[in-house]
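Only one structure is covered here, and it is reproduced in the block below.
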Amino acid sequence: MIYTKTGEYAIRAILYLARQPKDNLIMSSEIAKLEEIPSHYLAKILQRMAKYGYVDSFKGRGGGFKITEQAQKSSILEIVERVEGPVMNLKCVTGMKDCSDEQPCPLHEEWSELRDRIYNLISSKTVKEVADKYSETLKKTAQ
C-alpha cells in the first residue's frame, strides 16, 4: 500500500473504534486481538492518536479508548499523516533520480494519474463514511 504498517494499524484501530457504540470504552487489548495488531505497537499508535485528539483515553478500571468527533470527521489521509507523516511517495516509481514532468520516466504519466487518484480517494473519505460502509459489509458477510 502507500503507507507503512503504522498507518495501516492506525486506520484499522480508528475504524474499529468508529464502529463501536458511541460511549463504549474499548481496551487496546481488545482492538489488538480482534484487528491482529501487536499490542505494544498499538499502544504507541493510540497514544499518538490521543495526542492529536482523535481518541480519548481513560485510565483505570473500566477505562479504555473511544473515538472523538474530530476523528469521525477527519479523512483517512489526515489520520495516517498525523500518525506517520506524509503518505504519498512522490519519488519516481521506477527509481529514476531526475524524473519530472520535463524529464519523465517510462511510467511517469501513469504513476502520476494513479497517485493522484489514490490521494484523492483517501483525502475525500471521512473515518465515519468508511466505518459506516465497513459496518454494512460486515453485516452482509455475517448473513
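The values are calculated or read from the model by the stated rules, or taken from the named source; none is laboratory data. Given the structure is predicted, the values throughout are model-derived calculations rather than measurements. Note that we place each Cβ from the backbone using ideal geometry, even for glycine, and neighbour counts take in every protein chain shown.
Would you call residue 44 at pLDDT 95 or above, of a type in the set (Lys, Arg), more than 28 Å from residue 139 (Cβ to Cβ) and surrounded by 13 or more Cβ atoms within 10 Å (Cβ to Cβ)? For residue 44, the condition - at pLDDT 95 or above, of a type in the set (Lys, Arg), more than 28 Å from residue 139 (Cβ to Cβ) and surrounded by 13 or more Cβ atoms within 10 Å (Cβ to Cβ) - is met.
The selection criterion, being among the small types (Gly, Ala, Ser) and either at pLDDT below 85 or not in a loop (DSSP other than H, G, I, E, B) (or both), does not hold for residue 100.
If only residues of region 39-87 that are of a type in the set (Lys, Arg) and assigned to a helix (DSSP H, G or I) are counted, the one that is farthest from residue 2 (Cα to Cα) is 51. Evaluate the following for residue 15: is it of a type in the set (A, V, I, L, M, F, W, C) and modelled with pLDDT of 95 or more? Yes: the conditions hold for residue 15. Within region 57-72, does at least one residue satisfy the condition of being among the aliphatic types (A, V, I, L, M), in contact with a Gly (Cβ under 9 Å, 6 or more places away or on another chain) and within 25 Å of residue 120 (Cβ to Cβ)? Looking through region 57-72, at least one residue is among the aliphatic types (A, V, I, L, M), in contact with a Gly (Cβ under 9 Å, 6 or more places away or on another chain) and within 25 Å of residue 120 (Cβ to Cβ). Is it true that residue 132 is among the charged types (D, E, K, R), more than 27 Å from residue 20 (Cα to Cα) and part of a helix (DSSP H, G or I)? Against the criterion (among the charged types (D, E, K, R), more than 27 Å from residue 20 (Cα to Cα) and part of a helix (DSSP H, G or I)), residue 132 does not qualify. Report, by residue number, each residue of region 47-67 that is crowded, with 18+ Cβ neighbours inside 10 Å and within 15 Å of the chain's Cα centre (by Cα). Once the filter is applied, which keeps residues that are crowded, with 18+ Cβ neighbours inside 10 Å and within 15 Å of the chain's Cα centre (by Cα), region 47-67 yields 49, 54, 55, 67.
Taking the condition of being farther than 16 Å from residue 131 by Cα, among the hydroxyl-bearing types (Ser, Thr, Tyr), within 14 Å of the chain's Cα centre (by Cα) and assigned to a helix (DSSP H, G or I), how many residues in region 1-30 meet it? Counting residues in region 1-30 that are farther than 16 Å from residue 131 by Cα, among the hydroxyl-bearing types (Ser, Thr, Tyr), within 14 Å of the chain's Cα centre (by Cα) and assigned to a helix (DSSP H, G or I) gives 1. Answer with yes or no whether residue 91 is surrounded by fewer than 12 Cβ atoms within 10 Å (Cβ to Cβ), among the basic types (Lys, Arg) and either touching a residue at least 12 places away in the same chain (Cβ under 8 Å) or outside any helix (DSSP H, G or I) (or both). Yes. If you go through region 24-38 and keep only what is of a type outside the set (A, V, I, L, M), touching a Phe, Trp or Tyr at 6+ places or on another chain (Cβ under 7 Å) and within 14 Å of residue 7 (Cα to Cα), you end up with just 35.
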